[in-house]
Structures are given as C-alpha cells and as structure tokens.
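All remarks here apply to the structure that follows.
The values are calculated or read from the model by the stated rules, or taken from the named source; none is laboratory data. The structure displayed is predicted, hence computed values, not measured ones. So basically every Cβ, Gly included, is an ideal-geometry build from the backbone, and we count neighbours across all protein chains shown. Accessible surface areas use protein heavy atoms only, side chains included; no ligands, DNA or RNA. Shrake-Rupley method; radii C 1.70, N 1.55, O 1.52, S 1.80 Å.
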Amino acid sequence: MPIVHNISVRSATDLPKDEILIVGAGPSAMDICLEADKAGTKRIYLISRKAHFGIPDNWPIPLGSETKLLRFLFLTLMLPLWLVDLLLTIPTTMWAWWYDVPAWKPVDVYASQDYPFLMRAALLPAIRQGRLVPMIAEIESIDGDEVKLTSGTVLHPQKIVCATGWSYDYKFIPFYRNIEFDDLQLKLFARFMDIDHDGLFFVSIPASFFCVTSAADIASRAILQVLTGDWKRPSDNVIHDYINNVVRKRLALAGLYERELRDLGFVI
C-alpha cells in the first residue's frame, strides 16, 4: 500500500478508485478530497488528530472579507477575544447544522486557538452520501493493507495521502539546524523577532488567520521601527510573558495582532 505526500498527487490517475485515506485538515487535504471525489473514488476517509475550527467556503461573507471583519471587531469595536471567538463560532456552527455536516461543527475549538478547516461546499454531496468520512483520529498501526486508527476503526485503503503541510529547513542558519518550524514560532517575540539573536527577523510567520502579505506588511513596519531605534525594547519579563501567554496560546488574528503590537510599544 503506497504512502505518499500530497505534492506527489499530480492527476486523477494518481488516486485509487475504491478507497483512500487522507491525513490532514488544511487546504491541501481539502484539495485532495475534492480531487478524489472528482475522480470517483468510492470511499474517502479524512482523518485529523484533533478538532479544528470549521469555516465553509460558501458562508455569507466572501472569503478574504474575514480579515476586514476581524479588524472591525478588534480595532474599531475593541471587542475582547472571547466575544469575537463566540461571534465566529456561532455562524460556522449554524452553517454545519444547516448543511447537516456535524463533523465540521466546532467542538470546544475557537478561532484564536487553532487553524481552520476550510470546508469545500462542493464536498457536501460526498459527505451526505457517506463517500467522504471525516474523523478525529490518528493512525495507530499499519499492517500490510490494514490501517488501524486510534478510534478503533480499521481501514483497508489502496493509498494513504499525507496532506500534512511543508517541512521547513533552517540549516542555513547554524544555530537553527535542528529546530522544527513549530518550535521556532514559539521562540519569537512579537511573532517575528528572535530575542536571542539581535537583527534576525522572520517576516511572514504571523500569518495564520489573515492574508500572508498583510501580516508581512505589519511585521515589516514593526521591524523598521526596531532597526531605526524608534521602538523601545520592554523588559525581559514582558517579553517572556508575551511569548508564554500570547504566542503559545493563540493564533495571530487580523486586528488582534495589530492590537498586540501596539500594546508592545509599536506604532501600527
């Protein structure tokens, strides 16, 4: 049974006709599900190790507008995070109820804590027909053509596609040679500044729930203030408190990220 990364799936001929197991929850996983559905795969299993915040691609506001909405809620109305989480959870839950997709209903998961599923509305018929089966589980073991999940489910897929994102390699920076991307993010003050190595910045890392170019623009303006000396570095206690209680606990959200940087003394 072949196990491949989603990047190796180049056409419908790369997908099996009977049964496929897709590991992942992000845009790449949704793309592979959509391609398998188009290819006529009889049963598509989609597994993720944890629940994710669910966002449909046909909810009332156009995709891309969520950035403007979040900035309005955080910067104009100055709403607290818990209220914005609630406001985002309600419409996505209603969407899942309306379209009868309970597997996509947020369950104790909020926009500020996890990356979203971006549910393709074109997959709704496959879910209703039982051909696409999303599950919260991990692979426990593989024995020949038998795959056992941590949920106890046993599958016999013809192929496993790992839609698990990209592996970032920082070996060109000697002291980052063995560090993982996720670990690197948890080190960075203001989500872009390496506090242990002056002058080293990672511009586009903050992008999680808003456009990467917008996030890069915000970070670049803050970095310029560091380089020109217009920003006063806070105490080490403030720095480590921010990393532990903000970066490690919630995503960067449009509007909220700008508010965070202002609280840290940046002019954004």
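Among the numbered conditions (1) under 30 Å from Met1 (Cβ atoms); (2) open to solvent by 60 Å² or more (accessible area, probe 1.4 Å); (3) hydrophobic (A, V, I, L, M, F, W, C), the only one that Phe181 does not meet is (2).
Name the residue that is surrounded by the most Cβ atoms within 10 Å (Cβ to Cβ), counting only residues in the range 112-129 that are more than 13 Å from Cys33 (Cα to Cα) and more than 21 Å from the chain's Cα centre (by Cα). So, considering only residues that are more than 13 Å from Cys33 (Cα to Cα) and more than 21 Å from the chain's Cα centre (by Cα), the one surrounded by the most Cβ atoms within 10 Å (Cβ to Cβ) is Arg128. In the range 152-173, what residues are in contact (Cβ under 8 Å) with a residue 60 or more places away in the chain and outside any loop (DSSP other than H, G, I, E, B)? Those that are in contact (Cβ under 8 Å) with a residue 60 or more places away in the chain and outside any loop (DSSP other than H, G, I, E, B): Leu155, Lys159, Ile160, Val161, Cys162. Exactly one residue out of Thr41, Thr13 is out of contact with any strand residue (DSSP E or B) (no Cβ under 9 Å at 6 or more places or on another chain) and among the β-branched types (Val, Ile, Thr): that is Thr13. Inside the range 133-151, residues that are in a loop (DSSP other than H, G, I, E, B) and out of contact with any strand residue (DSSP E or B) (no Cβ under 8 Å at 6 or more places or on another chain) make up a count of 2. Restricted to helices (runs of 4 or more DSSP H) entirely inside the range 189-268, those with at least 3 residues that are closer than 21 Å to Asp85 by Cα and open to solvent by less than 20 Å² (accessible area, probe 1.4 Å) are 256-263.
Out of curiosity, is Arg71 out of contact with any Ser or Thr (no Cβ under 6 Å at 6 or more places or on another chain), modelled with pLDDT of 80 or more, open to solvent by 10 Å² or more (accessible area, probe 1.4 Å) and closer than 30 Å to Lys17 by Cβ? Criteria not met by Arg71.
Of the set (1) more than 14 Å from Pro134 (Cα to Cα); (2) open to solvent by 40 Å² or more (accessible area, probe 1.4 Å); (3) modelled with pLDDT under 90, all apply to Ile3 but (3).
Note on the range 14-31: residues that are within 12 Å of Lys159 (Cα to Cα) and part of a helix (DSSP H, G or I) total 1.
Each row is one residue, and each column tells you yes or no for (1) among the β-branched types (Val, Ile, Thr); (2) touching a residue at least 60 places away in the same chain (Cβ under 8 Å); (3) on the phi < 0 side of the Ramachandran plot.
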| position | (1), (2), (3) |
| --- | --- |
| Ser112 | no, yes, yes |
| Ala121 | no, yes, yes |
| Leu124 | no, no, yes |
| Val133 | yes, yes, yes |
| Gly144 | no, yes, no |
| Val147 | yes, yes, yes |
